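Each reported figure results from applying straightforward, stated rules to the coordinates on display, with no laboratory input. This one's a predicted model, so the numbers in the text were calculated from it and none came from an experiment. Quick reminder, even Gly has a Cβ in these numbers, built from the backbone with ideal geometry, and neighbours come from all protein chains shown.
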Amino acid sequence: MEYEILHRPSYALLRMELAAGESVSAEAGAMVSMSNGIEIETSMRGGLLGGLRRKVLGGESFFINTFNASQAGEINFAPSLPGDIYAVELNNEVMYAQSGSFISSTAGIDVDTSWGGAKTFFSGEGLFLLKISGSGTVFLSSYGAIQEVMLGAGQSYTVDTGHMVSFAEGVGYNVRRVGGMKSTLFSGEGLVVELTGPGMVTIQSRSTDAFLAWLIPHLPKTNSG
C-alpha cells in the first residue's frame, strides 16, 4: 500500500494505492471516491459491544468499513471537518487520540476505547479516549493544521483541551484549570491538558469548541410564534 496526503493542511485528502489482495479499514462516511475492483464490507469491529463502545464512549461510528482490493486500485478518504490528516506508523505500539479523529488504518491496527480516568471528565476528550494499537499505519484527522511536539523525559507541555489530537503511550496526561477560578471562567482558556514526556504529542491549530462558541450566537433565531 502506498499513500499520499494532498491539499494539506486546510482541506487534506488521503489517497491510497492498493495492490490486489490488500485491504484498509475506515470510519463510516470517510470514503470520497474509489476505482473499480475495490469492494466494501461493513461490520462492527469487536462485535456489538465493541461497536457500542466506539459509538457511545469514543465518539466514533458504530460500524467500520473495510475496503478490499480484488485488483490494483485507488481509494480516497477525507475527514468531515476542514483540516489536516496525520499518518502514524506503529510497530507493536500504542497511542491515544481524541474521539472522532480516526479516519483509516491498514491491517494490523486495532482501534478501541480506553478509560481516561476521572481527571479527563472536563477535558475535550471526555471520559474516554481512542486507544490505537498494533503494527501498521493509522491516519488521524484534525480541525485545522497538525503540529508535532516531541517531549523529552520529564518535559512538561500545556495544551488547551480543544486543541489536543494525540499522544504516545507513556506520555503523562493531566487536566487542570488554566489558573484560578477567575481565569478559568473569564480568560477564554478554561481547562488545559498538562502533558509530561517522553513521547510525541500532536495538537490542532483550531478548536471546534471555539468555532461553535463563535458560530452559535450568529445563527438566526427561530420564531416560535
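Label sites at A145 and E194, each approximated as a point 7 angstrom past Cα along Cα to Cβ, lie 3.0 nm apart. Between amide H atoms placed 1.01 Å from N, distances below 5 Å from Y3 occur with E17, all of them 5 or more places distant or on a separate chain. When each of T222, T158 is scored by the number of other beta-carbon atoms lying within 10 Å, the sequence from fewest to most is T222, T158.
What the Cβ-Cβ distance of N76 and L219 gives, at R0 = 35 Å and to the nearest 0.05, is a FRET efficiency of 0.65. With a simple spin-label model that places each label point 7 Å from the Cα along the Cα-to-Cβ direction, the separation between A107 and H7 comes to 3.0 nm.
Sequence-ordered 3J(HN,Hα) estimates for region 77-87 from the Karplus curve with 6.51, -1.76 and 1.60 and θ = phi - 60° stand at 10, 8, x, 6, 9, x, x, 9, 10, 10, 9 Hz, glycine and proline given as x.
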